[in-house]
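Inspection log for the structure reproduced underneath, given as structure tokens.
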Amino acid sequence: MAVAVKPDVEHAAIVATVLDYFEGWFDGDAGRMERALHPELAKRGPGLRTVTKDEMVTWTAAGEGKAKDPGRGRRIDVSVVDVHEEIASAVVDSDVYREYLHLVRTDDGWRIVNALWHST
């Protein structure tokens, strides 16, 4: 059974999840990264190698994203493209990456389950 939630509340929750993912990466905050990702994450770039949630959390904790942080004035533009029931799609444009994200609503909130990225 679908749960009716106001669109602006859904939008804000999705954006918060995406910011946990991006800001967590740049800040080296593995807790935020962990919170943003679904256990079945499939993240792929142009080479189509699949990256898992565990890899992303480990790399975040190791500070891999900090090396790519543009620093002051960091730009992360999130566009929620569509929300339907328990699924959503978002596009993120930052100083470093362009990503197309699919999210799923879980009992714990919105989680990123698929990501396709490219360097900007």
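The values are calculated or read from the model by the stated rules, or taken from the named source; none is laboratory data. Just so it is clear, the structure is predicted and the values come from calculations on it, not from any experiment. Using ideal geometry, Cβ is built from the backbone for each residue, glycine included, and neighbour counts are taken over all protein chains shown. The accessibility values were calculated without ligands, DNA or RNA, using every heavy atom of the protein model including side chains. Shrake-Rupley method; radii C 1.70, N 1.55, O 1.52, S 1.80 Å.
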(request) Rank by packing, highest mean first: peptides 44-52, 19-27, with packing defined as the count of other Cβ atoms within 10 Å averaged across residues. (result) 19-27, 44-52
(message) Tell me the mean residue ellipticity at 222 nm calculated for the chain from its helices only (DSSP H runs of n ≥ 4, each -39500 (n - 2.57), averaged over every residue, nearest 500).
(response) -9500 deg cm²/dmol
(request) Return a whole-number percent for the relative contact order of the chain, with Cα pairs under 8 Å and 6 or more residues apart as the contact set. (result) 25
(message) What would the Debye equation give as log₁₀ I(q)/I(0) for the stretch 16-93 at q = 0.11, 0.25 Å⁻¹, counting only Cα atoms as equal point scatterers?
(response) -0.29, -1.34
(message) What are the ³J(HN,Hα) couplings of the stretch 72-80, residue after residue, when phi is run through the Karplus curve with 6.51, -1.76, 1.60 and θ = phi - 60°? Round to Hz, x for glycine and proline.
(response) 3, x, 3, 10, 9, 9, 10, 10, 7
(message) From the protein chains alone at 1.4 Å, what is the descending order of accessible area for Arg32, Arg74, largest first?
(response) Arg74, Arg32
(request) Taking the chain as the reference, fit the longest principal axis to its C-alpha atoms, fit the long axis of helix 7-27 to the helix C-alpha atoms, and give the angle between the two in degrees, 0 to 90, nearest 10. (result) 20
(request) Using 0.36 nm per residue of separation minus the Cα-Cα distance, give me the extension gain between Asn114 and Ile87 in nm, one decimal. (result) 8.6 nm
(message) Based on alpha-carbon centroids, what's the gap between the stretch 12-32 and the stretch 46-79 in Å, whole number please?
(response) 10
(request) Return a single number: how many Lys pairs in the chain, at a sequence separation of 8 or more or on separate chains, have alpha-carbon atoms below 20 angstrom apart. (result) 5
(request) Give the Kirkwood hydrodynamic radius (Å, one decimal) of the stretch 58-120, defined as one over the mean of 1/r across all pairs of different Cα atoms. (result) 13.0
